[in-house]
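Accompanying notes for the structure given below.
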Amino acid sequence: MYFIDVILPIPLKQTFTYNVNKDEAAFLKQGMRVAVPFGKSKLYTGIVYAVYKDRPPAYETKEIDQILDETPLITALQIQHWEWMASYYMCTLGEVIRAALPGAFLLESETIVSLASETYEHESELSNDEFLVFEALQHQSSLHINDIRSILDRKNVVKVLQQLLQKAVISVQETLYEQYTPKLKRYVKLAVAYTSEENLKELLDTLSRAPKQREVLMTLFMITSQDKKPVEVKTLQKKSNTTPAVIKSLIEKGILEEYFVQKDRVEYTGESDADIKKLNEAQEKAFSEIKTSFEKHQVTLLHGVTSSGKTEIYVRLIEEVLASERQVLYMLPEIALTTQLISRLQLYFGEQISVYHSKYSVNERVEVWNNVLEGKSKARIVIGARSSLFLPFHNLGLIIIDEEHEPSFKQYNPSPRYHARDSAIVLGNLHKAKILMGSATPSLESYHNAEQDKYGLVHLKKRFGNVLMPEIELVDIKEKHRKKRMKGHFSDQLLEEMTEALANKEQIILFQNRRGFSPVVECTTCGISPQCPNCDVSLTYHQYKKELRCHYCGYHMAMLISCMACGSETLDTKGFGTEQIETELKALFPNHTTARMDQDTTRGKHAYAKLIERLDEQEIDILVGTQMLAKGLDFRNIGLVGVMNADNLLNFPDFRAHERSFQLLLQVSGRAGRTQKRGKVLIQTYNPYHQILQQVSVNDYEGMYKQQHEERYQYKYPPFYRTIKIIFKDRNLQKMQNASVWFGRALEIKLKENVLGPEPPPVARVRNQYISNVLVKIPKKQSLAKTKEYLNNVKRTFTSIKEFSTVKITIDVDNY
Ligand code: ADP
Ligand code: ZN
Ligand code: ZN
């Protein structure tokens with residue numbers, strides 16, 4: 001008898017055993033996919049983990065349905081990496097696989113398929129089975145795998161679907177993310193009729209009576225004589241100090257011709273031979289220090305202030321790795337950031353770049369997967385958010401983790417709750433690849449590791465091109481209120497600086513870490529404020545839609561006219577969000593364009609990319625937004641950054657709140673003054689003497705680090721202790737409490753005082769589920785593996801207690 005162990009994408013156990021015949025056993029290898037039956041009627045695609053003879057498990061095994069691959073789709077290294085993830089993050093291999101593979105690789109009974117497009121040109125080339133499915137889908141817009149089984153009148157249908165997917169006849173349902181194509185730019189050139197010297201001379205003569213138009217032409221000649229690049233209408237207009245109307249009339253007369261091109265394209269073809277930028281002295285020094293550091297350390301942290309030119313250093317490293325024919329993984333915290341980066345890297349590396357993201361279409365992802373697996377040159381460099389570390393690399397030479405401090409590298413839901421930075425380090429180890437992490441505000445964990453000489457550490461302290469760090473000033477708004485120097489939420493100082501910046505034609509960014517109009521509506525008569533019926537949280541007022549909204553579950557209702565409790569029409573709002581700032585801005589600066597960047601305004605397709613583009617194009621004078629603003633964007637013309645209120649960041653109940661505030665504030669500040677003129681940052685606060693704000697104001701990362709480090713030591717938090725959070729949820733409060741208390745007590749038997757809680761989080765009920773957390777702290781000298789094993793044992797006993805069977809339990813290792 002021959003058996004195989006298969007990893008199924010479910011959270012039950014690590015592998016499941018099936019029996020196969022001798023030929024199948026000879027053919028199958030680890031990393032190939034098989035379709036297998038599960039339970040009464042389910043079907044899953046699984047990954048072969050092991051093939052062996054004569055070792056039947058205690059239960060009766062089933063046969064597999066079908067073999068789906070000719071060669072392994074998954075490498076041994078990947079399996080090794082994923083086993084580490086499953087064990088470290090306390091989940092099953094199947095859960096990792098579900099996160100790792102594009103949905104199209106994992107067809108199962110729940111999968112819904114539909115036609116990829118209305119028509120298919122090569123109908124005649126479809127096999128009988130393929131055609132039957134194709135035809136059925138013409139009548140029914142979508143089908144379940146089980147429907148297809150009855151249509152084809154057999155069990156083994158996965159392979160047929162696989163082929164249809166490959167031929168792009170069908171697609172599987174999921175939400176897609178399409179990459180944004182930047183909008184077209186308007187260019188002008190001299191009409192062909194006037195390119196001869198004679199005609200041109202004549203033209204200029206006739207235009208002597210239209211001096212403004214003549215001026216525009218002369219400017220155009222001046223620009224093109226210096227530089228052969230296409231001339232944008234906007235540039236021409238600015239340089240010749242004219243109006244759109246003058247240019248328009250030149251176009252109408254046929255003297256100028258307008259044309260439209262995508263910006264990236266122009267830059268790309270215009271500079272396809274772009275040489276890698278020559279590093280300046282500081283960069284060159286950092287570059288060689290990184291290389292020296294790599295001789296001793298696998299991981300090196302590049303601590304470089306905002307706009308110090310870290311990216312150009314990455315570029316040089318990438319160039320060297322490519323020369324040795326190895327692959328490069330470039331990880332970013334946010335895929336929306338890639339638009340700026342990709343155009344930059346394409347200039348240097350052209351077609352060797354692939355972008356990977358879990359929300360890309362199935363076909364795109366499958367294509368990148370295969371290219372990486374086959375080591376194609378198109379996928380030499382992969383840029384991606386956290387899921388890109390699941391790709392089948394076989395020869396990684398370098399992993400870059402940009403903005404390594406970003407919390408969004410940690411996946412919260414669903415399992416595996418992995419930290420992409422930490423998982424990438426393990427991946428790098430498996431490949432013997434070098435890892436470079438970069439940040440202007442490194443995480444305490446990474447900086448600690450560097451201090452301990454576990455990682456190399458390289459500094460870059462100056463901005464590129466002698467640009468000064470912005471000047472950061474704290475504004476005491478308690479004082480301003482007392483002296484009646486506030487207009488709405490703006491201090492007189494902020495308003496003055498804003499007016500000046502606008503007069504200098506500089507743009508402004510305003511940061512407020514809360515969306516909506518105001519987070520609390522309160523009746524001034526009885527003091528009651530409307531709450532979400534499903535969650536223990538106040539409803540946020542959104543003025544634009546005249547709605548009250550819950551930011552936890554999405555519940556919304558029309559704004560009230562009178563108090564629900566006492567009926568008085570004395571509703572007032574408390575606190576403020578981005579929407580309120582935007583409203584105030586429009587009244588304060590009616591002649592300037594304002595815009596808002598937060599979850600509410602970036603939901604639409606490409607809305608985020610469009611906002612960035614508009615800001616880049618200087619179509620927006622003032623942008624107000626949440627922390628989305630802080631994520632590594634590179635703008636040229638921001639003269640002023642205003643933080644509306646730093647206090648709610650600092651008061652957030654989390655042991656990382658202070659570190660996080662420092663990072664956020666310094667990162668938003670870093671958007672200011674990236675060109676010659678020194679940028680300015682104003683931070684409004686009720687607590688100007690708060691340590692963190694003082695440290696932000698003088699860009700004192702080291703000071704922040706020392707102090708926070710000390711506090712973490714005192715209060716037993718990372719990097720000195722590891723943490724595991726266990727979250728309990730149930731609709732029944734009592735049951736949830738009993739369960740969490742039982743679990744906490746059980747852990748205490750062995751882990752003693754290092755178990756905290758159970759304790760409800762700040763919002764203790766979400767979507768009608770009551771929540772409580774237990775936190776386990778693990779000292780560095782205590783075995784992590786043994787602690788997890790113990791935790792798993794407790795969990796196993798817990799799940800066997802009938803009374804707790806409905807309680808949902810989530811384990812979050814290294815919780816954020
Ligand atoms: P960081 O990633 O540290 O924030 P960037 O790499 O974005 O900084 O660099 C900031 C700006 O300086 C960018 O516009 C970049 O093009 C420019 N820059 C950096 N290094 C060089 C260089 N060696 N030569 C020319 N321009 C550079
Ligand atoms: Zn009331
Ligand atoms: Zn809610």
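The values are calculated or read from the model by the stated rules, or taken from the named source; none is laboratory data. Not measured: the values here are computed from a predicted model. Cβ sites come from the backbone with ideal geometry, for glycine too, and all protein chains shown count toward neighbours. Remember, those area values only see protein heavy atoms, side chains included, never the ligands or the DNA or RNA. Shrake-Rupley method; radii C 1.70, N 1.55, O 1.52, S 1.80 Å.
If a residue counts only when it is open to solvent by 10 Å² or more (accessible area, probe 1.4 Å) and in contact with a Gly (Cβ under 9 Å, 6 or more places away or on another chain), which strands (runs of 3 or more DSSP E) contained entirely in region 287-369 have at least 1 such residues?
Correct list: 299-304, 353-356.
Of everything in region 551-567, what is within 16 Å of ligand 2 (Cβ to nearest atom) and either open to solvent by 70 Å² or more (accessible area, probe 1.4 Å) or of a type in the set (Phe, Trp, Tyr) (or both)? Give them in sequence order.
Within region 551-567, Ile561, Met564 meet the criteria.
Would you point out which residue out of Lys780, Lys735 is open to solvent by 30 Å² or more (accessible area, probe 1.4 Å) and at pLDDT below 95?
Lys780
What are the residue pairs meeting all of these: first residue in region 515-538, first residue within 21 Å of Asn648 (Cα to Cα) and open to solvent by 60 Å² or more (accessible area, probe 1.4 Å), second residue of a type in the set (A, V, I, L, M, F, W, C) and more than 10 Å from ligand 3 (Cβ to nearest atom), Cβ atoms under 7 Å, and 6 or more apart or on different chains?
Listed by first residue and then by second, the contacts come to Asp536/Ala764.
Do the conditions hold for Lys229, that is, is it in a loop (DSSP other than H, G, I, E, B) and either at pLDDT below 85 or open to solvent by 90 Å² or more (accessible area, probe 1.4 Å) (or both)?
yes
Which pairs turn up if I take residues in region 580-597 that are closer than 11 Å to Leu623 by Cβ and look for partners that are open to solvent by 60 Å² or more (accessible area, probe 1.4 Å) and assigned to a helix (DSSP H, G or I) with beta carbon separation below 8 Å, at least 6 apart in sequence or on another chain?
Thr594/Lys586; Ala595/Arg614
Being among the aliphatic types (A, V, I, L, M) and either within 16 Å of ligand 1 (Cβ to nearest atom) or in a loop (DSSP other than H, G, I, E, B) (or both) is the filter; apply it to region 533-567 and report the residue that is farthest from Glu579 (Cα to Cα).
Ala565
In this structure, does Thr181 turn out to be under 27 Å from Leu217 (Cβ atoms) and either more than 35 Å from the chain's Cα centre (by Cα) or modelled with pLDDT under 85 (or both)?
no
Kindly evaluate Gln507 against the criterion of being more than 16 Å from ligand 2 (Cβ to nearest atom) and crowded, with 21+ Cβ neighbours inside 10 Å.
So Gln507 fits the description; yes.
Within region 111-126, can one find any residue that is open to solvent by less than 10 Å² (accessible area, probe 1.4 Å) and farther than 28 Å from Lys40 by Cβ?
The answer is no, given that none of the residues of region 111-126 is open to solvent by less than 10 Å² (accessible area, probe 1.4 Å) and farther than 28 Å from Lys40 by Cβ.
Restricting attention to region 760-793, which residues are basic (Lys, Arg) and either assigned by TED's automatic domain parsing to the domain that holds Pro653 or in contact with a Cys (Cβ under 9 Å, 6 or more places away or on another chain) (or both)?
Arg765, Arg767
Being in contact (Cβ under 8 Å) with a residue 12 or more places away in the chain and either out of contact with any Ser or Thr (no Cβ under 9 Å at 6 or more places or on another chain) or not aliphatic (A, V, I, L, M) (or both) is the requirement here; does Ser196 meet it?
No, not satisfied.
If Phe131 satisfies every condition in (1) buried (at least 22 other Cβ atoms within 10 Å of the Cβ); (2) of a type in the set (Phe, Trp, Tyr); (3) over 36 Å from the mean Cα position of the chain (by Cα) but one, which is the exception?
(1)
Determine if region 587-599 includes at least one residue that is within 16 Å of ligand 2 (Cβ to nearest atom) and more than 19 Å from Thr626 (Cβ to Cβ).
Scanning region 587-599, I find no residue that is within 16 Å of ligand 2 (Cβ to nearest atom) and more than 19 Å from Thr626 (Cβ to Cβ), so the answer is no.
Going by what's in this entry, would Ile612 be described as at pLDDT 90 or above, surrounded by 16 or more Cβ atoms within 10 Å (Cβ to Cβ) and under 25 Å from the mean Cα position of the chain (by Cα)?
It is false that Ile612 is at pLDDT 90 or above, surrounded by 16 or more Cβ atoms within 10 Å (Cβ to Cβ) and under 25 Å from the mean Cα position of the chain (by Cα).
Does region 701-709 contain any residue that is open to solvent by 30 Å² or more (accessible area, probe 1.4 Å), more than 24 Å from the chain's Cα centre (by Cα), touching a residue at least 60 places away in the same chain (Cβ under 8 Å) and within 23 Å of Gly309 (Cα to Cα)?
No, because not a single residue in region 701-709 is open to solvent by 30 Å² or more (accessible area, probe 1.4 Å), more than 24 Å from the chain's Cα centre (by Cα), touching a residue at least 60 places away in the same chain (Cβ under 8 Å) and within 23 Å of Gly309 (Cα to Cα).
Considering region 184-212 alone, what residues qualify as being crowded, with 17+ Cβ neighbours inside 10 Å and within 48 Å of the chain's Cα centre (by Cα)?
Once the filter is applied, which keeps residues that are crowded, with 17+ Cβ neighbours inside 10 Å and within 48 Å of the chain's Cα centre (by Cα), region 184-212 yields Lys185, Tyr187, Val188, Leu190.
Name the helices (runs of 4 or more DSSP H) wholly inside region 109-170 in which the number of residues that are touching a residue at least 40 places away in the same chain (Cβ under 8 Å) and not small (Gly, Ala, Ser) is 1 or more.
The qualifying helices (runs of 4 or more DSSP H) are 145-152, 158-166.
Checking Ile528 against (1) away from ligand 1 (no atom under 16 Å from the Cβ); (2) aliphatic (A, V, I, L, M); (3) assigned by TED's automatic domain parsing to the domain that holds Leu588: exactly one of these is not met. Which one?
(3)
Can you name the number of the only condition in (1) in a loop (DSSP other than H, G, I, E, B); (2) more than 28 Å from Ile7 (Cβ to Cβ) that Met90 fails?
(2)
Can you name the helices (runs of 4 or more DSSP H) wholly within region 637-716 that have at least 1 residues being at pLDDT 95 or above and under 23 Å from Val624 (Cβ atoms)?
Answer list for region 637-716: 657-669, 691-697.
For (1) without any contact (Cβ under 8 Å) to a residue 40 or more places away in the chain; (2) in the same structural domain as Val246 (by TED's automatic domain parsing); (3) in a helix (DSSP H, G or I), each residue gets a yes or a no:
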{"site": "Lys185", "(1), (2), (3)": "no, no, no"}
{"site": "Leu203", "(1), (2), (3)": "no, yes, yes"}
{"site": "Arg214", "(1), (2), (3)": "yes, yes, yes"}
{"site": "Leu217", "(1), (2), (3)": "yes, yes, yes"}
{"site": "Ser225", "(1), (2), (3)": "yes, yes, yes"}
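On the given criteria, is Glu284 near ligand 1 (Cβ under 10 Å from one of its atoms), open to solvent by 10 Å² or more (accessible area, probe 1.4 Å) and farther than 24 Å from Ser343 by Cβ?
yes
Could you identify the single residue in Ala739, Ala785, Ala764 that is of a type in the set (Gly, Ala, Ser) and within 30 Å of Leu665 (Cα to Cα)?
Answer to the selection: Ala764.
Among Leu389, Leu373, Leu396, which is the only one that is in contact (Cβ under 8 Å) with a residue 24 or more places away in the chain, over 21 Å from the mean Cα position of the chain (by Cα) and under 23 Å from Pro442 (Cβ atoms)?
Answer to the selection: Leu396.
Show the residue pairs that are 6+ apart or on different chains and have beta-carbon atoms under 7 Å apart, the first residue being within region 341-355 and within 18 Å of Ala385 (Cβ to Cβ), the second being of a type in the set (Lys, Arg).
As it stands, the answer is Ser354/Lys378, since those pairs meet every condition given.
Look at Arg596 and say whether it is within 20 Å of the chain's Cα centre (by Cα) and in a loop (DSSP other than H, G, I, E, B).
no
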